[in-house]
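Written out below as structure tokens is the structure these notes cover.
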Amino acid sequence: MRTADAQVTNADVAERLALMGRLLDITGADRYRIGAYERAARQVERLSLRVADLDEEELTRIPGIGARIAGQIRETVATGSFAELEELQAAIPESLIELLKISGVGPRTLHTLWKQLGILTLDDLEQAVKGRRLQNLPGFGAKKEETIARGIRQYRSRPDRMTRPAAEAVLTRLEAVLPDGQYTAAGSYRRGAATVGRVTVVTTADRAAFTDRVAAVDERRLEVRFTEPARCGTALLCATGSAGFLGRLSEAALTSGYGLTPGGLLENANGRVHTFGSEEEVFSFLGMTPIPPELREDRGEVELALRHALPDLVETRDVRGDFHSHTTRSDGRQTLEDVAEAGDARGYDYIAITDHSSRVSPEALREQRAAIERVNRRHDCELLAGSEVEIRSDGSLGYENRVLADLDLVIASVHSGHNQDQDVLTRRILTAMENEHVDIIGHPTGRLLDRRPPYAVDLSRVMAHAAETGTALEINASPHRLDLEDIYILHAKKRGVKLAAGTDAHCTGEFANMKNGVMLARRGWCAPGDLLNTLPLSGLLEWLS
DNA sequence: GCCGTTTTCGGCCCGACTGTTTTCAGTCG
């Protein structure tokens, strides 16, 4: 345990408080007491002052922090933790907390499993399910047992891959070790893949001096390749991949009489090694147009580069606006004013406000439109009055048509009934597209990269119907969704389906996620014209009408 | 646990959905 120091960060304190909430939840504590810790954790996380610098009186002035939690924060700043948390930690095994990640297992269920069956680990739970011991518990039944069995299967088979933020966290830790600017991220991260198995970087730092230090960062999930400045071109190419792309590129090089190696191009006739400081020089030497990393997936890009016929890809600077955002009206943490300011800062023409229909009554929606009109007078970036309307499990929408008709833009999304079979789920979405007011289908497969596989939607049918009805499909740019995936974007584009990138921003910082949407669109070979976001406001309004 | 006050208790975000019930509890977003 840490001793008194000034190093305790807000993130450390927030983590302790959030853990307290989770542990209380498992013990079956009062839900409002639990909520108090969760709220306090969020407040500390958001605070722009260092919590370690505040005294007890100042702490209690933060909304959601009273005398008790203020004391626990002071204790954490002084000692690294607080007594009540440590007592709970001693009482609740760590392996139990992990079980909360299983879909269908919430704190109350976990409490029962723990107290009634003595379940402590994932293996315990799996054995109990196999022995059919869950369905006889009070409040449990055969279906709940099956839900948990499915949750365990999903959890066990989750791919051991990082989301992009997790990969970025590894890069941040690397930054502290390597001298300034001496590395370039490569691998699937650089190609813009949705998830990353291993972070690969290329560095010109001194191998002898840094091998051990970088190894200490994350041996399992980080691979550092050392090179020298004069060989960066081929080193970066080889480290970026993909394997399929490198295979094609090697074939092309061989045709010209060269072997591709990280150290350079080996001239087969005389054994001479040609070195290149940049990737562009390598491509140019081989008579090719440079291939953007996002295209390097062996989908015909090498052939096109040789013919100087690569497509023009959309770029971040082409994007005129964002189609998906939430405010405090539903589950966001930003106001209309915050959104408009963020839009101005990004130089956008427009941002659509799309709060959840389930959280906003038709009356509140009308008030919001009036508020939007007031905010719009003060900003260059125009807010559009929109909604993310529920596609309910019976296929009906969260608002009546007369409500939808008053909106500038409507996203329709599935948030429930994820386990419906393919036909039922697909038909929900097809029905939603038939509604003339629905402009965009939100996160079309519903996947959450670190938590949940896509639902069983038939995207072929969805795309065919989208083309017919003129409905756009969203490219959800949240790094936890990245939905649609690139391969489907490619299909959608071929079928003439419009694509609409949206960040799903719940706070202003998340508008920056648009870069992920653009990256995904590029992986799907999108030109600027394939993304609705590249339209100026007038063009967008025309498309919407 | 916090907060506000009609000031020391009573309310705290909530709707959809599912599975368990037969009027509700738990999960999810």
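One residue stands out among those in segment A:514-544 that are free of Cβ contacts under 8 Å to residues at least 40 places away in the same chain and more than 18 Å from residue A:383 (Cβ to Cβ): the one that is surrounded by the most Cβ atoms within 10 Å (Cβ to Cβ), which is A:529. Mind checking which pairs have a first residue in segment A:60-76 that is closer than 18 Å to residue A:12 by Cα and a second that is part of a loop (DSSP other than H, G, I, E, B), Cβ under 6 Å, 6 or more apart or different chains? Cβ pairs passing all conditions: A:72/A:82; A:75/A:82; A:76/A:82. Scanning segment A:316-335 for residues that are without any contact (Cβ under 8 Å) to a residue 24 or more places away in the chain and more than 24 Å from residue A:520 (Cβ to Cβ), we see that the one that is least open to solvent (accessible area, probe 1.4 Å) is A:335.
Within 16 Å of DNA strand B (Cβ to nearest atom), more than 19 Å from residue A:472 (Cβ to Cβ) and touching a Pro at 6+ places or on another chain (Cβ under 9 Å): is that true of residue A:363 in this structure? Working first, answer last.
Values: within 16 Å of DNA strand B (Cβ to nearest atom): yes; more than 19 Å from residue A:472 (Cβ to Cβ): yes; touching a Pro at 6+ places or on another chain (Cβ under 9 Å): no.
Against the criterion (within 16 Å of DNA strand B (Cβ to nearest atom), more than 19 Å from residue A:472 (Cβ to Cβ) and touching a Pro at 6+ places or on another chain (Cβ under 9 Å)), residue A:363 does not qualify.
Pairing each residue of segment A:176-190 that is at pLDDT 90 or above with any residue that is among the polar types (S, T, N, Q), provided the two are 6+ apart or on different chains, yields C-beta distances under 6 Å for A:183/A:203; A:186/A:200; A:186/A:240; A:187/A:200; A:190/A:240.
Out of all the residues in segment A:85-137, which are charged (D, E, K, R), more than 16 Å from residue A:28 (Cα to Cα) and in a helix (DSSP H, G or I)? Break it down stepwise before answering.
If we filter segment A:85-137 for residues that are charged (D, E, K, R), which is where we start, we get A:86-87, A:94, A:98, A:101, A:108, A:115, A:123-124, A:126, A:130, A:132-133.
Next, from what is left, pick out any that are more than 16 Å from residue A:28 (Cα to Cα): A:86, A:94, A:98, A:101, A:123-124, A:126, A:130, A:132-133.
Across segment A:85-137, the qualifying residues are A:86, A:94, A:98, A:101, A:123, A:124, A:126, A:130.
Collect the residues in segment A:368-389 that are touching a helix residue (DSSP H, G or I) at 6+ places or on another chain (Cβ under 8 Å) and among the basic types (Lys, Arg), keeping them in residue-number order. Within segment A:368-389, just A:378 meets the criteria.
Working carefully through the options A:438, A:414, A:403, find the one that is open to solvent by less than 40 Å² (accessible area, probe 1.4 Å), closer than 30 Å to residue A:382 by Cβ and more than 15 Å from DNA strand B (Cβ to nearest atom).
Going through A:438, A:414, A:403 in turn, the sole match is A:438.
Only one of the numbered conditions (1) surrounded by fewer than 22 Cβ atoms within 10 Å (Cβ to Cβ); (2) under 25 Å from the mean Cα position of the chain (by Cα); (3) closer than 30 Å to residue A:153 by Cα is violated by residue A:490, and that is (3).
Residue A:394: within 15 Å of DNA strand B (Cβ to nearest atom), more than 21 Å from the chain's Cα centre (by Cα), surrounded by fewer than 23 Cβ atoms within 10 Å (Cβ to Cβ) and not small (Gly, Ala, Ser), yes or no? Before you say what the answer is, go through the steps one by one.
On the way: within 15 Å of DNA strand B (Cβ to nearest atom): yes; more than 21 Å from the chain's Cα centre (by Cα): yes; surrounded by fewer than 23 Cβ atoms within 10 Å (Cβ to Cβ): yes; not small (Gly, Ala, Ser): yes.
So residue A:394 passes the test.
Residue check: residue A:97 meets all listed conditions (1) within 25 Å of residue A:416 (Cβ to Cβ); (2) within 15 Å of DNA strand B (Cβ to nearest atom) but one, namely (1). If the condition is being under 22 Å from the mean Cα position of the chain (by Cα) and outside any helix (DSSP H, G or I), then segment A:138-183 contributes A:157, A:158, A:159, A:160, A:161, A:162, A:163.
Can you tell me how many residues within segment A:33-85 are on the phi > 0 side of the Ramachandran plot and more than 11 Å from DNA strand B (Cβ to nearest atom)? Residues in segment A:33-85 being on the phi > 0 side of the Ramachandran plot and more than 11 Å from DNA strand B (Cβ to nearest atom): 1 in total. Test each condition in (1) of a type outside the set (Lys, Arg); (2) away from DNA strand B (no atom under 14 Å from the Cβ); (3) without any contact (Cβ under 8 Å) to a residue 60 or more places away in the chain; (4) open to solvent by less than 50 Å² (accessible area, probe 1.4 Å) for residue A:17 and report the one that comes out false. That leaves (2) as the condition not met. Does residue A:346 satisfy the criteria of being more than 16 Å from DNA strand B (Cβ to nearest atom) and free of Cβ contacts under 8 Å to residues at least 12 places away in the same chain? Spelling it out, it is not the case that residue A:346 is more than 16 Å from DNA strand B (Cβ to nearest atom) and free of Cβ contacts under 8 Å to residues at least 12 places away in the same chain. Selection within segment A:137-169: residues that are exposed (fewer than 12 other Cβ atoms within 10 Å of the Cβ) and within 10 Å of DNA strand B (Cβ to nearest atom). The member of this set that is farthest from residue A:481 (Cα to Cα) is A:138.
Check whether at least one residue in segment A:45-52 is of a type in the set (Gly, Ala, Ser) and assigned to a loop (DSSP other than H, G, I, E, B), and report yes or no. First the steps, then the outcome.
Going residue by residue through segment A:45-52, those that are of a type in the set (Gly, Ala, Ser) are A:48, A:52.
Then keep just the ones that are assigned to a loop (DSSP other than H, G, I, E, B); that gives A:48.
Yes, because at least one residue in segment A:45-52 is of a type in the set (Gly, Ala, Ser) and assigned to a loop (DSSP other than H, G, I, E, B).
The values are calculated or read from the model by the stated rules, or taken from the named source; none is laboratory data. What you see is a predicted model; the values in this text were computed from it and never measured. Reconstructed Cβ throughout: ideal geometry from the backbone, glycine too, with neighbour counts over all protein chains shown. Please note that ligands, DNA and RNA were not included when accessible areas were found on the heavy atoms of the full protein model with its side chains. Shrake-Rupley method; radii C 1.70, N 1.55, O 1.52, S 1.80 Å.
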